[in-house]
Amino acid sequence: MIFVPSLNHGDVYVRSIRPRDTRPLGKLLKANRSWLEKWEATIPGYSAMPPVGDIIRSLLRLARHNQAAPFVIEYKGDVVGQITVSGLSFGSLASGSIGYWISQEVAGRGITPTAVALVADWCFTGLGIHRVEICIRPENAASLRIVRKLGMRYEGLRRRFIHIDGDWRDHFCFAVTIDEVPGGLLARLTRGTADERLADIPEADLIAARTPIR
């Protein structure tokens, strides 16, 4: 079972998700429905999102089987979002994928990049992971700014990659390996030394993402 720690930098705090987070997360998701709906993962054939309690139980079950590391994001003591490392693989691959969401009320304050950096650094040093990735819909400008701030490297376009908001959606993939950030991703972020050009998307992929597959 993966032990999910508590991590913080300044007013940003990430900790293991718990069953008692059902109410605050449910309230937050309801209040931010219009803000989050277009980015939410969905299940083919189902129109409704599973109850929050079921989602938390599923995440904790995956953690028990070393497949995921689910965190809650807090800011100044309030629950403001959630971040998960999923698809964890060890051994020769040693990688994981980071996904997150945050309340619109606190968006733009640097909370999400800090949370991502905290969790990624823990993956490198605490889990022994070699590589983490973030996959982002081409339309998600806010998340594209986050990977630029972190200096994550663009790896390519994945066509119809994840079922989001009721359909299979294209995603841009960004990654970073431990070798690229020997001092840690958080240190790079706080120093402002990230090379944002690493996240540049080639024009060909931008065009492809606007072109439906026929």
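The values are calculated or read from the model by the stated rules, or taken from the named source; none is laboratory data. Here the structure is a predicted model, which means the values were calculated and not measured. Glycine gets a Cβ as well: all are built from the backbone with ideal geometry, and neighbour counts include every protein chain shown. Note: accessible area is taken over every heavy atom of the protein model, side chains too, but ligands, DNA and RNA are not part of it. Shrake-Rupley method; radii C 1.70, N 1.55, O 1.52, S 1.80 Å.
Points to keep in mind about this one:
- Any chance residue 186 is touching a helix residue (DSSP H, G or I) at 6+ places or on another chain (Cβ under 7 Å), in contact (Cβ under 8 Å) with a residue 12 or more places away in the chain and open to solvent by 20 Å² or more (accessible area, probe 1.4 Å): yes
- Condition broken by residue 101, with the remaining ones in (1) over 21 Å from residue 139 (Cβ atoms); (2) in contact (Cβ under 8 Å) with a residue 60 or more places away in the chain; (3) open to solvent by less than 70 Å² (accessible area, probe 1.4 Å); (4) outside any helix (DSSP H, G or I) satisfied: (1)
- Among the residues making up region 155-179, a single one is part of a helix (DSSP H, G or I) and either buried (at least 19 other Cβ atoms within 10 Å of the Cβ) or touching a Gly at 6+ places or on another chain (Cβ under 8 Å) (or both): 178.
- Taking first residues from region 139-162 that are more than 21 Å from residue 190 (Cβ to Cβ) and partners that are in a helix (DSSP H, G or I) and of a type in the set (Asp, Glu), the Cβ contacts under 6 Å between residues at least 6 apart in sequence or on separate chains come to 157/205.
- When we screen 121, 170 for residues that are touching a helix residue (DSSP H, G or I) at 6+ places or on another chain (Cβ under 8 Å) and farther than 19 Å from residue 188 by Cα, the only hit is 170.
- For region 113-130, a tally of residues being surrounded by fewer than 19 Cβ atoms within 10 Å (Cβ to Cβ) and either touching a Ser or Thr at 6+ places or on another chain (Cβ under 8 Å) or outside any helix (DSSP H, G or I) (or both) returns 2.
- Residue within region 147-154 that is of a type in the set (Phe, Trp, Tyr), open to solvent by 20 Å² or more (accessible area, probe 1.4 Å), out of contact with any Lys or Arg (no Cβ under 7 Å at 6 or more places or on another chain) and part of a strand (DSSP E or B) present: yes
- When 88, 36, 62, 28 are checked against the criterion of being part of a helix (DSSP H, G or I), within 22 Å of residue 133 (Cα to Cα) and either open to solvent by less than 50 Å² (accessible area, probe 1.4 Å) or of a type in the set (D, E, K, R) (or both), a single residue qualifies: 36.
- Screening region 131-146 for residues that are part of a strand (DSSP E or B) and charged (D, E, K, R) and picking the one that is least open to solvent (accessible area, probe 1.4 Å) gives 133.
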